[in-house]
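The next block holds one structure in the form of structure tokens; read it before the comments.
Since every read-out is calculated from the coordinates, none of them should be taken as a lab result. Quick caveat: nothing in here was measured; it's all calculated off a predicted structure. Heads up, the Cβs are rebuilt from the backbone with ideal geometry, glycines too, and the neighbour counts pull from every protein chain shown.
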Number of protein chains: 2
Amino acid sequence: MKRYKVVFRPYNKAVEVEEGTKILEAAWMAGVYINNLCGGEGVCGECRVIISEGDVEREKDSLSFFSEEELAQGYALACQTYIKGDVIVDIPAEARLEEEKILLEAEDMDSEQIQRRLKIAPFKPIARKIFLELSPPTMEDNITDFERIARGLRKKIGWHSPEIDLLTLREISDVLREEEWKVTVTLVKDRNTYRIQRIEPSNRVDTNLGVAVDVGTTTIVAQLIDLRTGRILATRGEHNSQAQFGEDVISRIIYACDKGGLPTLHEAVIDNVNQLIDEMCLELKIPKEDINAVVAAGNTTMSHLFLKIPPCYIRLQPYVPSIDVYPQMRAMEVGIKLSERCILEVLPSVSSYVGGDIVAGVLACGIPESDEIIGLIDIGTNGEIAIGNKEWLVCCSASAGPAFEGGGTTCGMRATKGAIEKLEIRDGDVHYETIGGGRARGICGSGLIDCVYELVKNGIIQSSGKFNKDIKDARLNLDADIPYYIIADREETDTGKEIVISESDIDHLIKSKGAIFAAIKSLMEYIGLQFDQIHRFYVAGGFGNYLNIRKAISIGLLPDIEEDRIRFVGNTSLKGAKMALCSEEGFERCVAIAKSMTNIELSNYQPYMDEYVAALFLPHTDKRLFPSVDY
Amino acid sequence: MKRYKVVFRPYNKAVEVEEGTKILEAAWMAGVYINNLCGGEGVCGECRVIISEGDVEREKDSLSFFSEEELAQGYALACQTYIKGDVIVDIPAEARLEEEKILLEAEDMDSEQIQRRLKIAPFKPIARKIFLELSPPTMEDNITDFERIARGLRKKIGWHSPEIDLLTLREISDVLREEEWKVTVTLVKDRNTYRIQRIEPSNRVDTNLGVAVDVGTTTIVAQLIDLRTGRILATRGEHNSQAQFGEDVISRIIYACDKGGLPTLHEAVIDNVNQLIDEMCLELKIPKEDINAVVAAGNTTMSHLFLKIPPCYIRLQPYVPSIDVYPQMRAMEVGIKLSERCILEVLPSVSSYVGGDIVAGVLACGIPESDEIIGLIDIGTNGEIAIGNKEWLVCCSASAGPAFEGGGTTCGMRATKGAIEKLEIRDGDVHYETIGGGRARGICGSGLIDCVYELVKNGIIQSSGKFNKDIKDARLNLDADIPYYIIADREETDTGKEIVISESDIDHLIKSKGAIFAAIKSLMEYIGLQFDQIHRFYVAGGFGNYLNIRKAISIGLLPDIEEDRIRFVGNTSLKGAKMALCSEEGFERCVAIAKSMTNIELSNYQPYMDEYVAALFLPHTDKRLFPSVDY
């Protein structure tokens, strides 16, 4: 395959890459930081660069992020643009915010120091491979083998004193001499120290993998990451097998603590993770041995169950978890079937009901770096809201139920192949799109939101959520024990069963959206902010690739502000876990976020209860709060 | 049992203890430091105190350390004096050297801070138990369980952020609530951090044990220590089972590296340690679960084999060990059958041939705190010499063979029950004493030294080490293939076999003592010092309780200086290991010693070879070096 040279300005850093490499990947390789929020998925539009010279190929969808004038100037999204020849890339100021800061601090450094600093700052996985070519010992220089490696590391990347475990220590003397003092060292960051976790003969820096895991109450998602480039190699998700023992965290805590179910719940989630990793490695023909680090993010209860730490006192007043900043472990210590070298980090929690998933989301959304006030609404089985900027951070949590994750409703399903994710009712007919485009198998969170909106809009359900008994519609079955509406006939589904939404499903959804909206509103009032003071709301959750913001506002799930101030950002728990996996600094920021975020406890907070009751309408009992809603 | 109050002046620190407690133990309990070198065995005479008021009982032997005038003033050895009533003890300046330093530094502190400082400084085991009475969480104070413990520790003893491992983390929530927030935490020092290693309900500070191990080439000695008081509960030794695979480190390295014998050698020494610990625990009816820390000291090869680290390049030029400062481990990681909580530290080495045993010895002899120049001669299968003061440290090593440890000679044995340890020839008759006083089973190092001296003194052997063929003596058998001298008839021995010393045994001994004396002399000349500039020589080794310094000088093992400048201090490897076990600061000093000591490599040093050849006589080819020797 052809190789081309890419030069990044204004730094004049160059790298040679294979044809077809993404510009974002080339930047990582060159040690150049380009802002991006979505992890290179073409969603956030932050990685704006200017192709000043040379051939590239842009993904069509990515063009919509730019004006015609910008396109004429050569603008492109770094994550959606492939290299087809020697290229010169200019990074505009807005895409190099972080780097500017570093340059500012580094004013007194020489260029080499700046370069080194830049290389370390943006992309430095918590498990890194470093190739060392050491000089053999002589009588004049007969320091120990370990000290020779440590010295090599210091020369190359300037550490202090790395540690080493017994397992690796037993190997160093032979491995050093196997390929004439050329070795690849895997270096792991553990709190304030670095540890040599693995040593291999010759240059093996190209095989270094990591796994990011979102340990959700309803869904587990794992992502296999190339830790050399930060590239996502595969993503897999599945239902959390713990669900059979209880749908939400409270019922799982009861099962764990009152029925001796902790080992069962622990094994269930670990089995999930093992299966996801196995699937990805099998498909990509990648040896599991190459995985050096796992970073998991989950709510506090999930994190406890994942680690087999009793979660019992999370549920009981005064709501006390065992720990918030978890120690670093070996993945195998909790039963993850990976190399005994592979480390496991679980992202820290804030409180009993605001966990590492939210910390990951706050990191992924860049809230601690923002001058403006930013909100994050993470809609899962629990709904959590975090608001803040680089000065302060507050958060709260509300129990939402699994409806938005596709659980707890008659035909709900995860946002995966065959799920109805978009839906419109026109002239009595239901038009929908499924994920993957095939036959429908069920309806996911975003489909449910669309569905409820369309049902109200078309007068089929009332603001109360009850079916309008005056409507005649062949799809509407009012005579059933629980009345329902047919979304898809049995002839058109993949399962041969009809896909429906029942009055009880709608009731569930109203309670879920009511809990979340009440939490947003209570938190805003608690801190004394108006919606117009929030620069941007990021909405996260397992809705799949899509969330119709307009419709989500219209059912009263999201506040009625200008649509372009609300952005759907997908699974920020997973994205944050990936960022922490790929960046020591990212991981450290998670700890800082967890320690500095103020948790507002809503469970005994009367205004929240009032807000909740008021929100149990479509869109709300107080229609003045939703002036733009057209029904 | 009656309890009495002991007050230590000038600090006015008081403690209540049981009748019969040693003053040294009472001092440890009160957090008062009293100098001592020998670990409370009544040997070093450093723990001088004055009993100003009250009833005590002194061990008779300990009186010889004082003049009559001193005895009249109330002088006593703290480690040999038992409390029989309320007592006031004055600690004279010479016994509180360390403490004075602390007081000096602490001048600006208030008395409580001084007290705390004093308490921490002298006696702080690397695994400590701390009793915490915590306040239960409330809605206003609902920090995590872990943070509550950390806060409790900070309040009580002022740590920073302790770490915790998964095993203990899984227990904290239940244990905290078992006895109403009263818990005992075992805190372990690991490099720059503290780790919570165990948590137990209620107050369990009275069950905290440690094991110090001297991993010698010929002999393994283990000591069970009460980590609350520093008291030695039991000491056990046995032959290193590795000896069947080779007598010295070189032959063991060859067996490990050229014959795949590393696992075998590793298991042999670990089996030894397991057996010694089992024996001690069984005899004292102590549960092994209570052992929280093991500190081992050995030469570099032994330390590698103990940890199953390949020792192969120690033997080959340029003599490179895998590591010098070993990481902290769990004892079970190397196969020691103790609790999975129990940590293992192996004391750091200086070089391939100066190991943790010497580092321990330097610590035990207080060389790094000394203004005067002090020498340590550790006589084992290897002989190592360290010389220095608080400004500098140098060392070297010479292969001595196992003769002084009772190996490699016809009737040699370890310094244990039945070993002849003292010997005199008067009027053709051999008079000897055995360890334990029973029938003779063999002859240990100190007995061999006496024996060779007496044989020369009585003209039975010549300066060359050959038997004098002109002597008529019924004990002398000159007609055997290898001529020998009968020390004990078969009728008088425990084994029913006669105990003899052969010409070949004597030859071995001459080579051993020659190697050690040559090493001492070469090192002195290398650094440009004269013997009279050495304030004191400490002689260490597995000779048992006894070494006749006069006779050791006379055979040319030790330099001919004033006898009172040479002190036999026993097994300093074990003593240093115990000090490092009982004191974080002691452990840290070991690392500092290992890093700062300059190793002089004798193996390719021609002056050493010349000195060695010159020393192969009794006492030496150059008699001017031994002016005081009376033959």
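Distance to the B-onto-A rotation axis is smallest for one chain B Cβ; residue and value in angstrom are B:Asn192, 4. Placing a label point 7 Å from the Cα of B:Asn203 along the Cα-to-Cβ line, no residue of the range B:277-293 has its backbone N under 14 Å from it. In order along the range A:271-286, phi translates into HN-Hα couplings of 4, 3, 5, 4, 5, 4, 5, 4, 4, 5, 5, 5, 5, 8, 6, 10 Hz, rounded to whole numbers, per the Karplus curve 6.51 cos²θ - 1.76 cosθ + 1.60 with θ = phi - 60° and x for Gly and Pro. Each residue in A:Val249, A:Val430 was given a count of other beta-carbon atoms within 10 angstrom of its own, and listing them fewest first yields A:Val430, A:Val249.
Taking each residue in A:140-150, count the Cβ atoms of any other chain within 10 Å of its Cβ, then average. What number comes out? Please list the in-between numbers first.
Details: counts 1, 2, 10, 5, 12, 7, 9, 6, 1, 1, 1.
Other-chain Cβ atoms within 10 Å of each residue's Cβ, averaged: 5.
Among beta bridges from DSSP that stay inside the protein assembly as shown, the antiparallel ones total about 70%. Close amide H pairs (under 5 Å, H built 1.01 Å from N) link B:Tyr75 with B:Ile51, residues at least 5 positions away or on another chain. Charge dipole (Cα centre; +1 on Lys/Arg Cβ, -1 on Asp/Glu Cβ; no other charges) of the range A:287-421 amounts to roughly 580 debye. In this assembly of identical copies, the label point of A:Gly437 (Cα plus 7 Å along Cα-to-Cβ) is separated from its counterparts by 10.0 nm, sorted shortest first. Taking a ≥ b ≥ c as the square roots of the eigenvalues of the Cα gyration tensor, the range B:431-555 is oblate, since a/c reaches 1.5 or more and a/b is not larger than b/c. Counting only lysines at least 8 places from A:Lys259 when in the same chain, those with an alpha carbon closer than 21 Å to its own are A:Lys308.
Antiparallel versus total DSSP beta bridges in chain B: what percent is that, nearest 5?
Details: 76 of 110 bridges.
Of those bridges, close to 70 percent are antiparallel.
A Cβ-based charge dipole, computed about the Cα centre of chain B with Lys and Arg at +1 and Asp and Glu at -1, lands at about 880 debye. Secondary-structure-derived ellipticity at 222 nm for chain A, considering helices only, amounts to -9000 deg cm²/dmol, per-run term -39500 (n - 2.57) for DSSP H runs with n ≥ 4.
When ranked by the protection proxy of mean other Cβ atoms within 10 Å per residue, highest first, what sequence do the peptides B:337-346, B:494-503 form?
Working: B:337-346: 21.9, B:494-503: 17.7.
So the peptides B:337-346, B:494-503, ranked by packing, come out B:337-346, B:494-503.
Taking 23 Å as the cut-off for C-alpha to C-alpha distance, list the pairs among A:Lys22/A:Lys124; A:Lys124/A:Lys578; B:Lys22/B:Lys182; A:Lys2/A:Lys22 that go past it.
Details: A:Lys22/A:Lys124 19 Å; A:Lys124/A:Lys578 12 Å; B:Lys22/B:Lys182 31 Å; A:Lys2/A:Lys22 14 Å.
Those over the limit are B:Lys22/B:Lys182.
With both labels modelled 7 Å from their Cα along Cα-to-Cβ, the B:Glu333 to B:Asp532 distance reads 5.2 nm. Distances between copies of B:Glu70, taken at a point 7 Å out from Cα along the Cα→Cβ vector and listed shortest first: 8.9 nm.
Quick one: in chain A, what % of C-alpha pairs are over 37 Å apart? Walk me through the intermediate numbers first.
Numbers: 76695 of 198765 pairs.
More than 37 Å apart: 39 percent of the Cα pairs in chain A.
Under 5 Å between amide hydrogens, built in the peptide plane, is the criterion, and for A:Gly216 it picks out A:Val221 among residues at least 5 positions away or on other chains. 3J(HN,Hα) couplings calculated from phi for the range A:209-223 with the Karplus curve 6.51 cos²θ - 1.76 cosθ + 1.60 (θ = phi - 60°) are, in sequence order, 10, x, 10, 9, 10, 9, 8, x, 4, 9, 10, 10, 10, 10, 9 Hz; Gly and Pro show x. Placing +1 on the Cβ of every Lys and Arg and -1 on the Cβ of every Asp and Glu, with nothing else charged, gives the protein assembly as shown a dipole about its Cα centre of roughly 700 debye. Couplings for the range B:7-16, taken from phi via the Karplus curve 6.51 cos²θ - 1.76 cosθ + 1.60 with θ = phi - 60°, read 10, 9, 9, x, 8, 6, 9, 10, 8, 9 Hz in order; Gly and Pro are left as x.
Please compare each pair in B:Lys422/B:Lys521; B:Lys337/B:Lys417; B:Lys457/B:Lys521; A:Lys521/A:Lys623; B:Lys466/B:Lys623; B:Lys13/B:Lys575 to a cut-off of 22 Å on the Cα-Cα distance and tell me which ones are over it. Intermediate values should be presented prior to the final figure.
Numbers: B:Lys422/B:Lys521 27 Å; B:Lys337/B:Lys417 28 Å; B:Lys457/B:Lys521 25 Å; A:Lys521/A:Lys623 14 Å; B:Lys466/B:Lys623 18 Å; B:Lys13/B:Lys575 27 Å.
Among B:Lys422/B:Lys521; B:Lys337/B:Lys417; B:Lys457/B:Lys521; A:Lys521/A:Lys623; B:Lys466/B:Lys623; B:Lys13/B:Lys575, the Cα-Cα distance tops 22 Å for B:Lys422/B:Lys521; B:Lys337/B:Lys417; B:Lys457/B:Lys521; B:Lys13/B:Lys575.
Here's how it looks for A:Arg567: its modeled amide H is under 5 Å from those of A:Phe537, A:Tyr538, A:Val539, which are all 5 or more places away or on a different chain. I want the local charge near A:Ser554. Using Cβ-Cβ distances under 9 Å, sum +1 for each Lys or Arg and -1 for each Asp or Glu among the other residues. Counting the neighbours of A:Ser554, the net charge comes to +1. Inter-copy label distances at B:Ser504, using a point 7 Å along Cα-to-Cβ, come to 9.5 nm with the shortest given first.
Under 18 Å from a point placed 7 Å out from the Cα of B:Ile482 along the Cα-to-Cβ direction: which residues of the range B:388-416 have their backbone N that close? Zone members listed by number: B:400-414.
Given R₀ = 41 Å, FRET efficiency for A:Arg550-A:Ser596 by Cβ-Cβ distance, to 0.05?
0.75
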